[in-house]
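Note sheet for the following structure.
The values are calculated or read from the model by the stated rules, or taken from the named source; none is laboratory data. Here the structure is a predicted model, which means the values were calculated and not measured. All Cβ positions, glycine included, derive from the backbone under ideal geometry; neighbour counts span all protein chains shown. With ligands, DNA and RNA removed, areas are computed over all heavy atoms of the protein, side chains included. Shrake-Rupley method; radii C 1.70, N 1.55, O 1.52, S 1.80 Å.
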Amino acid sequence: MSNLKFRLFFIFLAVGFIFVALDVDIKTNIKYPHPYDNSDSVIGEFQYYNIASNYGAKCTYKFIDTSDSTEDMNNNNTISTTKKTAGQTQTKVIDKVFFDNIHIDIFNDIIGFLLILTACFGFRKINKVFSFGFFSAFCGLLLHIIVTLLPFFFNGLFLCNISMVLGIAYLGSIILTTFLFSKGLFLMCPDVCCRDERKWGKISWFISMVLQILLTFIFWIGSDFGALKSLGYMIEGLLVIDIIVFWLILKRAYIYLERSYIDALSGGK
């Protein structure tokens, strides 16, 4: 029975890791209850990047006259979003932002955090790190729910600012949660024979978090750049491979992890 529970919790952590790390959104036919309230206080790009990366958005464009700035730059060549007409230089910028239909993540982070919560709770008797992991996963779950519900209660620039701040905090909760349960697993196999598994496991976890942070930035900026989105999908594929490698490494120490779990339960009786 203990062997079955350990296998179940081990699978929960593996699947939960993949679910919180990956985002595969699909657009539904459900609309937000109100249109987005554009603000003139900040540029449209800032609003669009935040709304599009968190909730899905569309936008319109306009051209603004940048003749003075172009002359100051000694008439250097501009990017493709710039055009010259009648002696004027105009640059294409985002004008208005609109909510897209509600998006649903196939690899839902709520499911991922619930699986990690369950596993960390089941492993809590092994070491205190899993208890901290449980608390971190709970905070991540709350943050995800709050960020998802924000556009139903707030709008405009305030929505942009608070979703960006909470989004950064949410990314931090993912990093902290995966760090804690990974550390807890490594502490379960302190034997010399598992030295290589601990070393390469830590390296693969670190790579996964670097890729996760890079993905967040790329998809934020890539909301308006197709090439960056394509790069993001390639990095996401590397992230999946790295996570699989991480669990394959831990699978090599599976017997020692299982024995540590059984010993902890026996010692707690």
Next item on the list: Those residues that are among the aliphatic types (A, V, I, L, M) and surrounded by 19 or more Cβ atoms within 10 Å (Cβ to Cβ), I need them from segment 104-129; list them, please.
Entry: Leu115, Ile116, Leu117, Ala119, Ile126, Val129
Notebook entry, point to check: Got a sec? Which of Ala227, Ala264 is open to solvent by 60 Å² or more (accessible area, probe 1.4 Å) and not β-branched (Val, Ile, Thr)?
Noted result: Ala227
Next item on the list: Could you look through segment 230-261, keep only residues that are in contact (Cβ under 8 Å) with a residue 12 or more places away in the chain and among the aromatic types (Phe, Trp, Tyr), and pick out the one that is most open to solvent (accessible area, probe 1.4 Å)?
Entry: Tyr256
Checklist line | Pairs, first within 30 Å of Leu238 (Cβ to Cβ) and in contact (Cβ under 8 Å) with a residue 40 or more places away in the chain in segment 20-41, second open to solvent by 40 Å² or more (accessible area, probe 1.4 Å) and among the hydrophobic types (A, V, I, L, M, F, W, C), C-beta under 6 Å, six or more apart | finding: Leu22/Phe107; Val24/Ile106; Val24/Phe107; Ile26/Ile104; Thr28/Ile104
Next item on the list: Examine segment 229-245 for a residue that is touching a Cys at 6+ places or on another chain (Cβ under 6 Å) and closer than 17 Å to Leu13 by Cα, and state whether such a residue exists.
Entry: no
Next item on the list: Please name all residue pairs, on different chains or six or more residues apart, with Cβ atoms under 9 Å, provided the first residue is in segment 146-158 and is open to solvent by 80 Å² or more (accessible area, probe 1.4 Å) and the second residue is among the aromatic types (Phe, Trp, Tyr).
Entry: Ile146/Tyr170; Phe152/Tyr32
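Search segment 1-59 for residues being touching a His at 6+ places or on another chain (Cβ under 8 Å) and farther than 14 Å from Asn155 by Cβ, and hand back the single one that is least open to solvent (accessible area, probe 1.4 Å). I'd like the intermediate steps shown before the answer.
The initial filter retains those residues of segment 1-59 that are touching a His at 6+ places or on another chain (Cβ under 8 Å), namely 25-28, 55-56.
Imposing the further condition that a residue be farther than 14 Å from Asn155 by Cβ reduces the set to 25-28, 56.
Numbers: Asp25: 89, Ile26: 84, Lys27: 123, Thr28: 25, Gly56: 4 Å².
My answer is Gly56.
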Note to self: Need the failing condition index for Met188 against (1) within 23 Å of Tyr48 (Cα to Cα); (2) surrounded by 16 or more Cβ atoms within 10 Å (Cβ to Cβ); (3) of a type outside the set (Asp, Glu); (4) in contact (Cβ under 8 Å) with a residue 60 or more places away in the chain, just the number.
What the structure shows: (1)
Next item on the list: Name, by its number, the condition in (1) hydroxyl-bearing (Ser, Thr, Tyr); (2) within 30 Å of Leu257 (Cβ to Cβ); (3) open to solvent by 50 Å² or more (accessible area, probe 1.4 Å) that does not hold for Ser136.
Entry: (3)
